[in-house]
Amino acid sequence: MDAVLKQALASLASSPVLWDCPLCDYTSFAIGGPATALIVVQEQAELQRLLLFLGEHKIQWRIIGRGTNLLVSDAGFDGVILLLGKGFGAIVRGDAAKSAGVVIQAGAACSLARLGGWFVDQGLSGLEFMTGIPGTIGGAVIMNAGAWGRELADVIVSVTVVTPSGQVRTLPRSELKFGYRIWHDHKHVEEDTEATRVLIGVELQGAMADQEQIRSLCQSYHQKRQTKQPKGVPNAGSFFKNPQGDAAGRLIEASGLKGLRVGGAMVSPVHANFLVNSGGATAANVLELMEKVRVKVQADSGIVLEPEVHFL
Ligand SMILES: Cc1cc2nc3c(=O)[nH]c(=O)nc-3n(C[C@H](O)[C@H](O)[C@H](O)COP(=O)(O)OP(=O)(O)OC[C@H]3O[C@@H](n4cnc5c(N)ncnc54)[C@H](O)[C@@H]3O)c2cc1C
């Protein structure tokens, strides 16, 4: 990006642009080279301005949440990373008349931990299954995150997005297509080009329930995670999607791959579907390890594992 564009971009952002920003600091894998620029966007009008500018100047961009489901390349990202700031983190009890239960509006930057805690404090049931999933509610909608047989799509009432041309749209659940760990239509098709919509808010369905029961369910999910998942090593959660009727972790373990290493990347000895950064891993290490796992599992079981983690 030339100096004139850099200056123009900086003038549109409400907070200082972070140039040559190391993305390893913004991912739970602690892996990734620098982005040309990273901007923490604080409000809707600023986001609209920035999207228009980036589109007009054909500058590549990508929006990320807390980077808990991302593998960023060692070369980094030749473009602008947008991250929603505190201005997109509000939680509001919405219009109860819209449905039988209670509707909650959450800004996309709200962390799942804060949102889950808020549900418990309010005596609201509906999000217990998300206990312990890191990241933002925005990232969770894009991923259709879930656990224990439930997924976020079950409790979504609507989403609000900003299109690449800066238009704000609220889409009801009936117009949204979700699949296993994917929101299918989060891309925006306009004049033959396809770009990501920025999710800025979501409405969720909750139901009033006994607060102690909600708390105890959350605690039991928390406990299960503590015993089943690796602790204290950077990772991005389950690396592969579970194939229909089976578990990626079971297949990888059955192939004897627990503990397999490439450089600093390792198949977790605790849970085989977690590829962890055991120290100094590069994205290239993780990708090579991923390929080794896929090849061996396919040879042993005939099943081709698909990554759940997104690549940047
Ligand atoms: C220890 C651990 C455990 C995990 N357990 C689970 C689990 O049980 N179940 C599960 O489903 N996931 C799990 N995950 C994965 C991850 O936490 C979830 O997918 C989470 O919802 C991602 O949120 P994020 O904010 O970190 O998104 P990111 O990783 O930052 O982004 C994910 C994708 O969404 C896009 N995106 C993010 N925000 C926006 C936005 N506002 N608008 C448009 N696009 C956006 C990004 O470009 C990217 O493609 C786990 C991860 C870890 C590290």
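Restricting attention to the stretch 98-110, which residues are crowded, with 21+ Cβ neighbours inside 10 Å and either within 12 Å of the ligand (Cβ to nearest atom) or not hydrophobic (A, V, I, L, M, F, W, C) (or both)? Working first, answer last.
Of the stretch 98-110, the ones crowded, with 21+ Cβ neighbours inside 10 Å are 102, 104, 106-110.
Those that are crowded, with 21+ Cβ neighbours inside 10 Å and either within 12 Å of the ligand (Cβ to nearest atom) or not hydrophobic (A, V, I, L, M, F, W, C) (or both): ALA106, GLY107, ALA108, ALA109, CYS110.
Determine whether ARG150 is surrounded by fewer than 17 Cβ atoms within 10 Å (Cβ to Cβ), more than 9 Å from the ligand (Cβ to nearest atom), outside the structural domain of TRP19 (by TED's automatic domain parsing) and modelled with pLDDT of 95 or more.
Spelling it out, ARG150 is indeed surrounded by fewer than 17 Cβ atoms within 10 Å (Cβ to Cβ), more than 9 Å from the ligand (Cβ to nearest atom), outside the structural domain of TRP19 (by TED's automatic domain parsing) and modelled with pLDDT of 95 or more.
Determine which member of the set THR136, THR160, THR131 is near the ligand (Cβ under 9 Å from one of its atoms), crowded, with 19+ Cβ neighbours inside 10 Å, in contact (Cβ under 8 Å) with a residue 24 or more places away in the chain and among the hydroxyl-bearing types (Ser, Thr, Tyr). Give the derivation first.
On the way: THR160 fails: near the ligand (Cβ under 9 Å from one of its atoms); THR131 fails: near the ligand (Cβ under 9 Å from one of its atoms).
The unique qualifying residue is THR136.
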Residue, surrounded by the most Cβ atoms within 10 Å (Cβ to Cβ), within the stretch 2-35, restricted to residues that are polar (S, T, N, Q) and within 16 Å of the ligand (Cβ to nearest atom): THR27
Pair list, Cβ under 7 Å, 6 or more apart: the stretch 247-261 residue in a loop (DSSP other than H, G, I, E, B), other residue surrounded by fewer than 19 Cβ atoms within 10 Å (Cβ to Cβ): SER255/LYS296; SER255/ASP300; LEU257/LYS296; LYS258/PRO269; GLY259/PRO269; LEU260/LYS292
Exclusive hit being surrounded by 13 or more Cβ atoms within 10 Å (Cβ to Cβ) and over 29 Å from GLY87 (Cβ atoms), set VAL233, VAL168: VAL233
Test set (1) closer than 29 Å to ILE81 by Cα; (2) out of contact with any strand residue (DSSP E or B) (no Cβ under 6 Å at 6 or more places or on another chain) - GLU288 fails condition number: (2)
Those residues of the stretch 23-65 which are over 20 Å from SER278 (Cβ atoms), in contact with an Asp or Glu (Cβ under 7 Å, 6 or more places away or on another chain) and either modelled with pLDDT under 95 or in a loop (DSSP other than H, G, I, E, B) (or both), in sequence order: GLN60
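Could you tell me whether any residue of the stretch 245-261 is under 30 Å from GLY87 (Cβ atoms) and within 20 Å of the chain's Cα centre (by Cα)? Spell out how you get there, then give the answer.
Step one: filter the stretch 245-261 for residues under 30 Å from GLY87 (Cβ atoms), giving none.
No, there is no match, as no residue in the stretch 245-261 is under 30 Å from GLY87 (Cβ atoms) and within 20 Å of the chain's Cα centre (by Cα).
Would you confirm whether any residue within the stretch 275-295 is over 22 Å from SER73 (Cβ atoms) and out of contact with any His (no Cβ under 7 Å at 6 or more places or on another chain)?
First, the residues of the stretch 275-295 that are over 22 Å from SER73 (Cβ atoms): none.
No, because not a single residue in the stretch 275-295 is over 22 Å from SER73 (Cβ atoms) and out of contact with any His (no Cβ under 7 Å at 6 or more places or on another chain).
Per-residue answers, yes or no, for (1) of a type in the set (Ser, Thr, Tyr); (2) surrounded by fewer than 18 Cβ atoms within 10 Å (Cβ to Cβ); (3) outside the structural domain of LEU127 (by TED's automatic domain parsing):
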site	(1), (2), (3)
GLN219	no, yes, no
GLN223	no, yes, no
GLY237	no, no, yes
PRO243	no, yes, yes
ILE252	no, no, yes
SER268	yes, no, yes
Residues of the stretch 218-246 satisfying the condition of being assigned to a loop (DSSP other than H, G, I, E, B), near the ligand (Cβ under 10 Å from one of its atoms) and out of contact with any helix residue (DSSP H, G or I) (no Cβ under 8 Å at 6 or more places or on another chain): GLN229, PRO230, LYS231, VAL233, PRO234, ALA236, GLY237
Pick from the stretch 112-165, criterion aliphatic (A, V, I, L, M) and part of a loop (DSSP other than H, G, I, E, B), ranking: nearest to the chain's Cα centre (by Cα): ALA145
Unique residue being more than 11 Å from the ligand (Cβ to nearest atom), under 22 Å from the mean Cα position of the chain (by Cα), within 23 Å of GLN167 (Cβ to Cβ) and surrounded by 22 or more Cβ atoms within 10 Å (Cβ to Cβ) when the list is LEU47, LEU51: LEU51
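Scan the stretch 69-77 and give yes if some residue there is in contact with a His (Cβ under 7 Å, 6 or more places away or on another chain), within 12 Å of the ligand (Cβ to nearest atom) and part of a strand (DSSP E or B), otherwise no. Can you show your working first?
Residues of the stretch 69-77 in contact with a His (Cβ under 7 Å, 6 or more places away or on another chain): 69-70.
Those left that are additionally within 12 Å of the ligand (Cβ to nearest atom): 69-70.
With the extra rule that they be part of a strand (DSSP E or B), the set shrinks to 70.
There is at least one residue in the stretch 69-77 that is in contact with a His (Cβ under 7 Å, 6 or more places away or on another chain), within 12 Å of the ligand (Cβ to nearest atom) and part of a strand (DSSP E or B).
The values are calculated or read from the model by the stated rules, or taken from the named source; none is laboratory data. Please read these numbers as outputs of a predicted model, since none were measured by experiment. Positions of Cβ are backbone-derived with ideal geometry, glycine not excepted, and every protein chain shown enters the neighbour counts.
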